[in-house]
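Peer 1: I have a structure here, written as structure tokens, and I will follow up with some questions on it.
The values are calculated or read from the model by the stated rules, or taken from the named source; none is laboratory data. Everything quoted here is computed from the prediction, not taken from an experiment. A quick note on method: Cβ atoms are made from the backbone with ideal geometry, for glycine too, and the neighbour counts reach across all protein chains shown.
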Amino acid sequence: MSNESNISGAVQRNDWSLQRKGIIDQERHKERVKEAIRKNLGSIVSNEAIILSDGRRTVKVPIRSLDEYKFRFDHRKRKHVGTGDGKTKVGDVIAREGQGQPGQGQGPAGQGGGAEYYEAEVNIDEIAALIFEDLQLPFLEEKAKKAIPAKTTRFNEIRRTGVFSNLDKRRMIMENIKRHARAGGSARFGQVRKEDLRFKSWEDDNRYESNAVVLALMDVSGSMGEFKKYIARSFFFWMVRFLRTKYDNVEIVFISHHTEAREVTEEQFFTQGESGGTVVSSAYQLALEVIRERFRPADWNVYPFHFSDGDNYYSDNEEAVRLADELIRTCNLFGYGEIGEEGGGGYRRSSGALLSIFNDRLKQKDRFIGVRIDDKEDVYPALKQFFGRRGVEA
Amino acid sequence: MEDREIKDLEKALEQIWEVARGFGLDPYPVRFELVPATVMYEIGSYALPGRYSHWTFGKAYHRMKTMYDFGLSKIYEVVINTNPSYGFLMETNSPVQNKLVIAHVLGHVDFFKNNAYFSRTNRRMVETVSAHSGRMSEYEFRHGRKTVERLLDAVLSVEEHIDPNFFIRREEPTSPREDALRKAAKPPGRYDDLWDIGKPAESASPAAEDERPRGDRLPEKDLLYYIMRNSPSLEDWQRDVMAMVREEMEYFVPQMQTKILNEGWASFWHARIMRELDLPDDELLEFADLHSGVVSPHKGQLNPYYLGYKILEDIERRWDSAEGAGPGGGRAKLFEVREVENDVSFLRNYLTEGLCEELDLYVYELVDEEEWTVTEKRWQKVRDQLVSNMTNFGFPYIVVADGDYNRNRELYLKHQYEGAELDTAYARKVLEHVHTLWGRPVHLETVVDDDAVRLHYNGEEHEED
């Protein structure tokens, strides 16, 4: 048989170390994931997995647009064939919907249920970078006092002398190889001499930043249900993260209120549940006091942000508006977010809710931003509205 | 792996070949190669080494490799259907695993060589895809990576919709002018136009092909071919991309049509061959463990290895004991089956009542939107459902019904509804991709809840009626 002579009895081993195709295409896939994340930031920002990440650096979030679309059958409306353990009878329930359906091993079409989507592993820092790209503290002014320099160190020079901890090994090896090559030998690495050494050297880079304080005010009254609290928390989660990443000296003051307001720690702010009615003016009163005592507007840029469901005591509205006006006068920007019922999309309370009252009665609205949030996906737009580019001096 | 182990493996390889040939297996020559895991997963995710680049391959690669890294699943072998064939073995396989894989691969290669559905398969496919890959990167260079990627996204969304029996169709009707040219049958020369001097210019219009797609070949199952030939909007390089994808799909379709039979065949033979090898006790034990892992039922699913293996064993038994056949009759029957059947005919012809019972096969469906419930145990019904699910290798059967719909060069696709409904959300997305290729409004007719439904997409919005 001619075949026999062709059969090589040897088991081959080749060098595949240059093979990179899978990795290259994996990069292409990652790019797609990134693109998709950028497009889906709205839903990712308020994803539980991230808000409740508890310090984990990467989380899984579902991303719909990464499916490979094909003509396929509706998995849920189709009959499938399976194998049992020998005792299956008509009427046996083999799985429940939503608890991982029995897969079927035939043909690529049958791999998924209707609600299948791609889960991408994302790094929270990367998401944060994407989200914060266009965010900033608006109307930031240079204040007279205490402009604290934000010092950064940049390694931007190479020298022949320096501290050994800053040795640039890569360059050292290059120099060494060059020297050997020059000496007439082959280009190889060997015996290091002093002249091969290269050190990184740095420069101090001082950026001057204005002082800023953000007052996070949150309604924790009884009417703030799970969903509303979640929304407020996700907003403040990103806000705090954003301020800490982008600004070196931003102070954050946490104030929670129901009928009374108190200053709380960050941890309390994010975990506490309370009950009772809502007197918004109490929070504004406390905010004004804090500003007066510790953050005089002459020295500080001040940003109060308040989240509530707007369900204020009727008798308090007058006072709330008056104090809000006062806040606006003393502050760079006053942000108010009103959280509606879950899924209450088109539904707006005509009166009684604080947002409409603010919109009607506030005297200076140029430094007031009010947004309404009815849905998890509204958190990202709210962030963008509060921290959008505004008041940038040319 | 140490050199000594390689030597041992090579010795085993020779032995396995001998046993396989003794059984009457007739594979192409095979080049076996030991590769590291990353390479294994790379070849596995591309199905062929050296194919063009696309993010979906990267996605598959990433998934496979992650599963491997976390110890969730492992590929033991990859086999490439070419002549000579290639069998890739994982470096980290144990000696027994490698022997089993080698025997299994010989089963596959024998099947590739002798099954009728592979008779047209391009056996130099590795070279072909590598040429494709070169052309693809040239297009990426010329037109931009993103442009090519968007086009490929669209083409791949319908890649399975080709006609595997394309080659037995009647000839494309040719225009009279082409016929005349063919009749002349003279090798064209550089100065042929000399002879035309003085002749009246041939009137181009009546003879030239009608620009509109002709209807005489419709309905057309081969969406790729039809769109590639008739799309009003594609440029030449884009048609070329479609042709390349189509050619690669033509190569894969026989494998998709014979998954159960092919895996069953390979498992059947690795078991027979390994039994002949005189393995020491510990290796025998490891082999038994591995083998039972490969051909075991997965509860609630269908394991193609298991199903195919069981049916083949059953065939051998039945024909061995058939009257007048005697011993050897089963073997002969098996070789006939491996030559002429595909999954659909294999199941229809050889899945018996006894097997359905032994394998405890059943039909299940979603009841009240909530519970996946067993609704059928009668063996003929179960078999028919299985066959129907395998038809068109598990994909909906979609045809081009009209390429000039509304007298407006719109594309009208029709789903040949046979009781299973489409996932319309997905179908809409695919229509968007088809629109990218066709460049004009596209329509899809299907059935939802027993009513005919037409999905329309005009490039901006979806409609339905």
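Peer 1: For the stretch B:291-314, indicate whether the set of residues that are more than 14 Å from chain A (Cβ to nearest Cβ) and crowded, with 22+ Cβ neighbours inside 10 Å is non-empty.
Peer 2: Yes, the stretch B:291-314 contains at least one residue that is more than 14 Å from chain A (Cβ to nearest Cβ) and crowded, with 22+ Cβ neighbours inside 10 Å.
Peer 1: Under the condition of being more than 10 Å from chain A (Cβ to nearest Cβ) and within 27 Å of the chain's Cα centre (by Cα), which residue from the stretch B:444-465 is farthest from B:VAL400 (Cα to Cα)?
Peer 2: B:VAL447
Peer 1: Out of the residues in the stretch A:1-36 that are at pLDDT below 80 and assigned to a helix (DSSP H, G or I), state the one that is nearest to the other protein chains (Cβ to nearest Cβ).
Peer 2: Per the criteria, the residue is A:ASN6.
Peer 1: Right, something else. Show the residue pairs meeting these rules: Cβ distance below 8 Å; 6+ apart or different chains; first residue within the stretch B:260-283 and among the polar types (S, T, N, Q); second residue at pLDDT below 95 and in a loop (DSSP other than H, G, I, E, B).
Peer 2: B:SER267/B:VAL295
Peer 1: Sticking with this structure for a sec: Any residue that is part of a strand (DSSP E or B), within 29 Å of the chain's Cα centre (by Cα), among the charged types (D, E, K, R) and closer than 28 Å to B:LEU152 by Cα - is there at least one of those in the stretch B:418-432?
Peer 2: No, the stretch B:418-432 contains no residue that is part of a strand (DSSP E or B), within 29 Å of the chain's Cα centre (by Cα), among the charged types (D, E, K, R) and closer than 28 Å to B:LEU152 by Cα.
Peer 1: Still on this structure: Looking at (1) at pLDDT 95 or above; (2) in a strand (DSSP E or B), which is the one condition that is false for B:GLU463?
Peer 2: Failed condition: (1).
Peer 1: How many residues are in a helix (DSSP H, G or I), out of contact with any Asp or Glu (no Cβ under 9 Å at 6 or more places or on another chain) and not acidic (Asp, Glu) if we restrict to the stretch A:284-317?
Peer 2: Summing the residues that are in a helix (DSSP H, G or I), out of contact with any Asp or Glu (no Cβ under 9 Å at 6 or more places or on another chain) and not acidic (Asp, Glu) in the stretch A:284-317 gives 6.
Peer 1: Considering only the stretch A:160-206, state which residues are among the acidic types (Asp, Glu) and either in a helix (DSSP H, G or I) or free of Cβ contacts under 8 Å to residues at least 12 places away in the same chain (or both).
Peer 2: Residues satisfying the conditions are A:GLU175, A:GLU195, A:ASP196.
Peer 1: Hey, another quick one. So if I check each of B:GLU18, B:GLU33, B:GLU42, which one is buried (at least 21 other Cβ atoms within 10 Å of the Cβ), within 11 Å of another protein chain (Cβ to nearest Cβ), of a type in the set (Asp, Glu) and not in a loop (DSSP other than H, G, I, E, B)?
Peer 2: Of the residues listed, the single one that is buried (at least 21 other Cβ atoms within 10 Å of the Cβ), within 11 Å of another protein chain (Cβ to nearest Cβ), of a type in the set (Asp, Glu) and not in a loop (DSSP other than H, G, I, E, B) is B:GLU42.
Peer 1: How about the stretch B:374-391: which of its residues are surrounded by 19 or more Cβ atoms within 10 Å (Cβ to Cβ) and within 7 Å of chain A (Cβ to nearest Cβ)?
Peer 2: Selection gives B:VAL374, B:LYS377, B:VAL382, B:GLN385, B:LEU386, B:ASN389, B:MET390.
Rundown of residues vs (1) crowded, with 21+ Cβ neighbours inside 10 Å; (2) touching a Cys at 6+ places or on another chain (Cβ under 8 Å); (3) away from chain A (no Cβ under 11 Å); (4) not aromatic (Phe, Trp, Tyr), yes/no style:
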position	(1), (2), (3), (4)
B:PHE393	yes, no, no, no
B:ALA425	no, no, no, yes
B:GLU432	no, no, no, yes
B:VAL442	yes, no, yes, yes
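Peer 1: Out of all the residues in the stretch B:345-354, which are under 26 Å from the mean Cα position of the chain (by Cα), within 14 Å of another protein chain (Cβ to nearest Cβ) and not aliphatic (A, V, I, L, M)?
Peer 2: Once the filter is applied, which keeps residues that are under 26 Å from the mean Cα position of the chain (by Cα), within 14 Å of another protein chain (Cβ to nearest Cβ) and not aliphatic (A, V, I, L, M), the stretch B:345-354 yields B:PHE346, B:ARG348.
Peer 1: Looking only at the stretch B:315-344, how many residues end up being assigned to a helix (DSSP H, G or I), within 14 Å of another protein chain (Cβ to nearest Cβ) and of a type outside the set (D, E, K, R)?
Peer 2: Total satisfying the criteria: 1.
Peer 1: Continuing with the same structure: Tell me which residues, restricted to the stretch B:396-410, are surrounded by 18 or more Cβ atoms within 10 Å (Cβ to Cβ) and either closer than 18 Å to B:ASP450 by Cβ or within 14 Å of chain A (Cβ to nearest Cβ) (or both).
Peer 2: B:PRO396, B:ILE398, B:VAL399, B:VAL400
Peer 1: Quick check on this structure: which one of A:SER256, A:SER234 is surrounded by 21 or more Cβ atoms within 10 Å (Cβ to Cβ), out of contact with any strand residue (DSSP E or B) (no Cβ under 8 Å at 6 or more places or on another chain) and not hydrophobic (A, V, I, L, M, F, W, C)?
Peer 2: On inspection, the qualifying residue turns out to be A:SER234.
Peer 1: Restricting the stretch B:45-89 to residues that are touching a Leu at 6+ places or on another chain (Cβ under 9 Å) and over 23 Å from B:GLU127 (Cα atoms), which is nearest to the other protein chains (Cβ to nearest Cβ)?
Peer 2: Per the stated criteria, the residue is B:LYS59.
Peer 1: Out of A:PHE235, A:PHE269, A:PHE295, which single residue is closer than 11 Å to A:ALA216 by Cα, among the aromatic types (Phe, Trp, Tyr) and touching a Leu at 6+ places or on another chain (Cβ under 9 Å)?
Peer 2: Of the residues listed, the single one that is closer than 11 Å to A:ALA216 by Cα, among the aromatic types (Phe, Trp, Tyr) and touching a Leu at 6+ places or on another chain (Cβ under 9 Å) is A:PHE235.
Peer 1: When you check B:LEU279 against the structure, is it within 24 Å of B:VAL105 (Cβ to Cβ), modelled with pLDDT under 90 and away from chain A (no Cβ under 14 Å), yes or no?
Peer 2: Criteria met by B:LEU279.
Peer 1: Identify the residue in the stretch B:88-115 that is surrounded by 24 or more Cβ atoms within 10 Å (Cβ to Cβ) and small (Gly, Ala, Ser) and, among all such residues, is nearest to B:GLU248 (Cα to Cα).
Peer 2: Within the stretch B:88-115, the match that is nearest to B:GLU248 (Cα to Cα) is B:GLY107.
Peer 1: Under 7 Å between Cβ atoms, at least 6 apart or on separate chains: pull out the pairs that start in the stretch A:87-102 with a residue that is more than 7 Å from chain B (Cβ to nearest Cβ) and surrounded by fewer than 16 Cβ atoms within 10 Å (Cβ to Cβ) and end on any residue that is modelled with pLDDT under 75 and assigned to a loop (DSSP other than H, G, I, E, B).
Peer 2: none
Peer 1: If you don't mind, another one. So, in the stretch B:358-368, of the ones that are more than 7 Å from every other protein chain (Cβ to nearest Cβ) and under 30 Å from A:ASP74 (Cβ atoms), which residue ends up modelled with the highest pLDDT?
Peer 2: So, considering only residues that are more than 7 Å from every other protein chain (Cβ to nearest Cβ) and under 30 Å from A:ASP74 (Cβ atoms), the one modelled with the highest pLDDT is B:VAL367.
Peer 1: Could I ask something else about it? Name the single residue that is farthest from the other protein chains (Cβ to nearest Cβ) among those in the stretch B:147-162 being surrounded by fewer than 19 Cβ atoms within 10 Å (Cβ to Cβ) and over 16 Å from B:ARG51 (Cα atoms).
Peer 2: Only one residue fits best here, namely B:THR147.
Peer 1: Kindly indicate whether A:VAL61 is aliphatic (A, V, I, L, M) and modelled with pLDDT under 85.
Peer 2: Considered against the rule, which asks whether it is aliphatic (A, V, I, L, M) and modelled with pLDDT under 85, A:VAL61 comes out as yes.
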